[in-house]
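Scroll down for the structure; my scribbles are underneath it.
Just so it is clear, none of the values below were taken in a lab; they were calculated from the coordinates. All values derive from a computational prediction rather than experimental measurement. FYI the Cβ positions are ideal-geometry reconstructions off the backbone, even for glycines, and counts take in every protein chain you see.
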Amino acid sequence: MEEELGIKVVLQYMDAGTYYDVVWDTGWDKTWDEGGWDMDFSTFYWMPTDLVWYEGCYSEAGQPPYGWNYFGWANEAADTQLRKCMSTIDPSLRKQYIDKWQEYFMKDPPHASLFYPLASEVTDADLLGWDLIRWWWDTDDLRFNNTSLEDTVILKYGSAEDLRTLNPLFTLSLGSETFTDQTFDMLMKTSTYPNGTAYLKPSLAAAPPVYAPDGMSCNVTLRQDVLWHDNFPFNASDVKCTFDAVIDPNTWCSGYGDFAPVIDSVEILGEFKVRFNFKAPSPHFDTLLADDYGALIVPWHILKDVDHADWRRHSTNIETPLPGTGRWKFERWDRGEKWVVKANKNYFLGESLIDEIQNIVITDPSAGLIALQTHQIDLGDCWTATKDEIDDMRDDATLKVTDMPYPAVQYFGFNLHHPILSNMYVRYAIAHVIPYEHIINNLLPNLGMSGVRATGPITPELGYFYNTKLVPFEYDLDIAQKYLDRWKYSLPENTGTINEYPPPPYIPNSSLVAYGPVGDGSLDGFVDPDDFVAWADRIVYGQTEPEDWPFPPPIDPDYDNNGLVDIDDFTTWKEVGGGVSYHACPH
C-alpha cells in the first residue's frame, strides 16, 4: 500500500489477550500512537437464524463496553434502518430496511469486507454430534462413538486463549464464551438439522415463546426440572434477574447493545413463567434468547444482593465462577494452562456421555495443529493449517474433516477515531487497494480455507436478508488514488479544486449516481437545499470549529475548506450551483 498510494502500513502481531485489551477494552477508542489501534484483521461470526448481533456490532449504542462496535461507527441513518428492520414484523418491509442498511454500510464502511469464509473443521474421527454451526450451543448429541454411561470418557478441547471473564454477561473472548456455554444455559438454543440447516429449539424454556397479537410482548414458560449446580432450584426469578441486569447500562453487559433496544421490562407471571415486554415488535426475539452474549441465565440466589455496577468486578467474574445449570460443572482452572469441567449428573436433559472436558490452552497455532494431528486434543479452535495439510488429514482414518460455509465475514477494520481513517474517502481508497482475488486464491489456501467475495457484513447464509444487488469494491489503484486526491482536497489547507470524481461504492437501482460534488454537505450525492440546511445548522448552533462538527471532513458544510463554517461557505455553496450534479454510474 505504501508503494501504490503512499500509505505506510506496519503489521503488528499480538497474542489474543493483548489484542482484546487493545481493541475491546482500554484501547478501543485510541489510535495506535495513543496505545490503541488503527486497523485490524478480524472476523465477525453471526448467528445463522436472524440478525442478532448486528446492532451490538454496528450501532452507535453498541460501542464498548455495551457491545462490539469498536470501530466507533456512528451513522444515525444506518442505525435507523437497522432498528426498523429489527422492529418490523412484515418480512418484505424487513428486507427493504436491511437492504437500505447495507447500502449505507457500503457508502460509509467501518470495515473493508474481504470474504465470507468456507471453513474446514477437523475433529477426532469418533466424535459425533459436533459442527461449527451448533458449536457449544447445542451439545445434546455430543459424544464419542461406541461409548456409554458406564465408560469414563474425557474430551480434550484446544482453546486458543485462556479465560478472561467468568460471568457470561461479560463475555468478550472466545475462550470465555466456550466456558460459559459449557456450564450455563439459555432459554433457547441454536441447533442444526442433518443437512446442516440451522434452527432454534427450547432449552431452559419448556416451549418456544408465545407472542401477544400486537407483537409487543411474549410469554415464556420455563422448565420445572432444572437445578443449579449447587442444587438450588431454577425458576422465573433467575430469568428476571438476568435480563434486568443485561438491559441496565450500569452492568456493562457485553450484550447490552443487542438487548437494550428490545426489552422494556421482564415480569414474573408465576414460579415458572415470565413475560418479556418489548419497546417495539421484535421478530428476532427467539434468536435473541439463544444469544450467548447476554442470554445465558445467571443465578438470582447468588447475585440478588449485589449491585449491577459491581457484577463486573465481583469475585464470580474474576476468581471463582457462578454455579450454572449447564451440562458440565466447573471443576478447576489452572490459569494459563487449562480449565476443566465435569458432567452434571443432574442435568435436566440427562447426563452427558462425556464425563470430563479438559480445555487446554494452546496459543501457538502450529502447536495446536500438531496437538490435533497427534490426538493430544480431540478438536479445538487453537490451530491453523494449509489446504494441503487439511487434505493430508482427510487421508487419516483417525480424523474427520468437514467442510461447510461459515456464517461469518472476514474484514479489515477501521478505527474511526483516527483522524485520517475517519474520512470515508481514505477508507474507499484502502478498500480499492486490497487485492481481493489474490487473497482468496493464493493466501487463503495457506490458512486451510477458501472464501467468497464479501459485499458487507450480512452473509448469504442469512438468506433473504442478504442484498444480492450490491457489488463489492474492486481492486483498482487508479480509483484508489482518485479517492486520496478527493481527501487531500477536503483538507483545510487545500482550497483548490479537482476535476474528476471517482465512483462511489455501487448502490443498486440507480442508473445515475452522484459522486459527492463540492458543496454536498449532506452527502446525498446532490448539491441542493439540504446542504444549505447543513450549513445553517452549524451557524445557528455556533458549531464553527472542526471539533464541534458531528462528522469529519469532507462530510461537512465547510465548503471552502478553510477550517471554519462561516458565511463564506454560503457563497461557495451558491457558486457550485445550489442545484443537482450527476455523473453517469459505470455499473
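So, counting K/R as plus one and D/E as minus one, what does the shell of residues with Cβ under 10 Å around Gln12 add up to? Combined, the nearby Lys, Arg, Asp and Glu give -2.
Seen from Gly67, the other residues with C-beta closer than 11 Å to its C-beta sum to a net charge of -3, counting Lys and Arg as +1 and Asp and Glu as -1. In a fully extended conformation the segment linking Asn442 and Ala367 would gain 24.6 nm over its present Cα-Cα distance, using 0.36 nm per residue.
For region 119-247, the Cβ-based charge dipole about the Cα centre amounts to some 320 debye (Lys, Arg positive; Asp, Glu negative; other atoms uncharged). When region 351-417 is described by a simple charge dipole with +1 on each Lys and Arg Cβ and -1 on each Asp and Glu Cβ, the residue from Ile357, Pro405, Leu372 located farthest towards its positive end is Pro405. Rounded to two decimals, the Cα-based Rg/Rh of region 106-161, with Kirkwood Rh, is 1.18. With the convex hull drawn over the C-alpha atoms of region 330-380, the volume per residue is 83 Å³. Across all C-alpha atoms in region 312-404, the radius of gyration and Dmax reach 16.6, 49 Å.
The packing ranking of peptides 66-72, 154-160, 316-322, highest mean first, is 66-72, 154-160, 316-322, where packing means the average number of other beta carbon atoms within 10 angstrom of each residue.
In terms of its Cα atoms, region 170-345 spans 51, 44, 29 Å along the principal axes, sorted from long to short.
What is the distance in Å between the Cα centroid of region 199-277 and that of region 294-336? Result: 17 Å between the Cα centres.
Pairs Lys95/Lys482; Lys107/Lys469; Lys240/Lys338; Lys30/Lys304: which are spaced more than 25 Å apart, C-alpha to C-alpha? Among Lys95/Lys482; Lys107/Lys469; Lys240/Lys338; Lys30/Lys304, the Cα-Cα distance tops 25 Å for Lys95/Lys482; Lys240/Lys338; Lys30/Lys304.
Enclosing the Cα atoms of region 287-365 in their convex hull gives a volume equal to 155 cubic angstrom per residue.
The dipole here belongs to region 170-345: it is taken about the Cα centre, uses +1 on the Cβ of Lys and Arg and -1 on the Cβ of Asp and Glu, and is about 460 debye.
Peptides 294-302, 436-444 ranked from most to least packed, by the mean per-residue count of other Cβ atoms within 10 Å: 294-302, 436-444. Other residues within the sphere of radius under 15 Å centred on the Cβ of Thr221, judged by their own Cβ, net out at 0 (K and R +1, D and E -1).
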